[in-house]
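Undergrad: So that we are looking at the same thing, I have put the structure below in structure tokens.
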Amino acid sequence: MGDQTQLLILAKHIERLMTPSDSGVVMDRSIMDGFVYTLYLASIGQVSENVLKASANILDAMIGSYDQIFYLPSELELESDGQRSDDVEFRDTIVDLFDQLIEQIDKTHPQKVIRISGTVEQRAQVIIKYIEDTKNGQ
């Protein structure tokens, strides 16, 4: 991965946010993901400082566009699926970066990010309840 790949990923996040929807949208990733992975790649020399700065600016500009962000901490066992890394050290590094970012976001956008713990079913129920409450004006 490099500068071009990260910029394309960030552009895709922007495109998803800018696409109008009458019925609402639930996404499995947010601009936070784009920023955290860009930050990680910059820390190991695979992304330039200019792209890191651009990703920080994009994050700042776009974070307010989300109604709500649910953060599901990595508390379930890693399973090798051929797609995602099952490297525990890498996961822990990414989790730390997310934790630091959420702390920063909480200062400027309180309650924007909600952490959800528990089983897969418990996590899903929290999100479903939020969506139902939002639809009902609560």
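Undergrad: In a shell of Cβ-Cβ distance under 12 Å around residue 13, excluding residue 13 itself, what net charge do Lys and Arg (+1) and Asp and Glu (-1) give?
TA: 0
Undergrad: Can you sort 131, 63, 94 so the residue with the fewest Cβ neighbours within 10 Å comes first? Mind showing how you got there, number by number?
TA: Numbers: 131 14, 63 21, 94 18.
Ranking 131, 63, 94 by Cβ neighbours within 10 Å, fewest first, gives 131, 94, 63.
Undergrad: Let me ask something else about it. Contour minus end-to-end for residue 87 and residue 17, with contour as 0.36 nm per residue of separation and end-to-end as the Cα-Cα distance? Could the numbers behind the result be given before it?
TA: Details: separation 70, 0.36 × 70 = 25.20 nm, distance 3.05 nm.
Using 0.36 nm per residue and subtracting the Cα-Cα distance, I get 22.1 nm.
Undergrad: Around residue 71, which amide H atoms from residues at least 5 apart in sequence, or from another chain, sit under 5 Å from its own amide H, with H modelled in the peptide plane?
TA: Hits under the 5 Å cutoff: 114, 115, 116.
Undergrad: Run lengths n ≥ 4 of DSSP H only: what is the helix-derived mean residue ellipticity at 222 nm for the chain, with -39500 (n - 2.57) per run over all residues, to the nearest 500?
TA: Details: 5 runs with 80 residues, N = 138.
So the calculated ellipticity at 222 nm is -19000 deg cm²/dmol.
Undergrad: Sorting check: for 118-130, 48-60, which peptide has the highest mean count of neighbouring beta carbons within 10 Å, and how do the rest follow? Mind showing how you got there, number by number?
TA: Details: 118-130: 12.3, 48-60: 15.8.
Per-residue mean Cβ counts within 10 Å order the peptides as 48-60, 118-130.
Undergrad: Work out how much length residue 109 to residue 60 would gain on full extension: take 0.36 nm times their residue separation and subtract the Cα-Cα distance, in nm to one decimal.
TA: In short, 16.6 nm is gained.
Undergrad: Enumerate the calculated ³J(HN,Hα) couplings along the range 95-104 in order (Karplus 6.51 cos²θ - 1.76 cosθ + 1.60, θ = phi - 60°), each rounded to whole Hz, writing x wherever the residue is Gly or Pro.
TA: Values per residue, Gly and Pro as x: 4, 4, 5, 4, 4, 5, 5, 4, 4, 5 Hz.
No lab work stands behind these numbers, since they all come straight from the coordinates. Computed from a prediction, not measured in an experiment: that's the story for all the values here. Don't worry about glycine lacking a Cβ; one is built from the backbone with ideal geometry, like all the others, and counts go over all protein chains shown.
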